[in-house]
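Every number in this text was worked out from the coordinates using simple rules, so none of it is lab data. Note that this is a predicted model, so its numbers are computed, not measured. Counting neighbours? That spans all protein chains shown, and the Cβs are built from the backbone with ideal geometry, glycine included.
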Amino acid sequence: MGADIEAIEQQSRKLDELVTAYRVAHGQDALPDERIRVLLLDEQERVASAAALSEMVAPLLAQRLQLPSAAAPRARRAPARGVDHRPADLPQGAPAIADLIDGMLAQELDTLAAVKRRRA
């Protein structure tokens, strides 16, 4: 939690520095505080929309990749190198990003192996 607060404070400091530099270069009225507030609200809305979209798309992607769905219990699979880097306390439900990437890579490897077999 402390890292999140530190990141927010650092982001705020950096934004203040950039706004000040812009105003020095283009005039004090070039970027009003109200415009910055509107831009930040728009960005917050985009982040919320992206999060909502990812929650809807992740199960569809998992289904397309034939990964375990949110309804089915997740099978623990070891990554390609045989080391599981995920924490053991992940909640059951939709697959983690690593699971989706592992699924995509496995499909790619299967496709490459099939192409090699056809060429041989």
Most packed first (mean Cβ within 10 Å per residue), the peptides 30-43, 97-110, 51-64 order as 97-110, 51-64, 30-43
Once you compute Rg and the Kirkwood Rh from C-alpha atoms, what is the Rg to Rh ratio for region 9-61? 1.21
Phi angles of region 30-38, converted by Karplus (6.51 cos²θ - 1.76 cosθ + 1.60, θ = phi - 60°) into ³J(HN,Hα) in whole Hz with x for Gly and Pro, give 5, 9, x, 4, 4, 5, 5, 4, 5
For S49, the net charge from surrounding residues (Cβ-Cβ under 14 Å; K, R +1; D, E -1) works out to -3
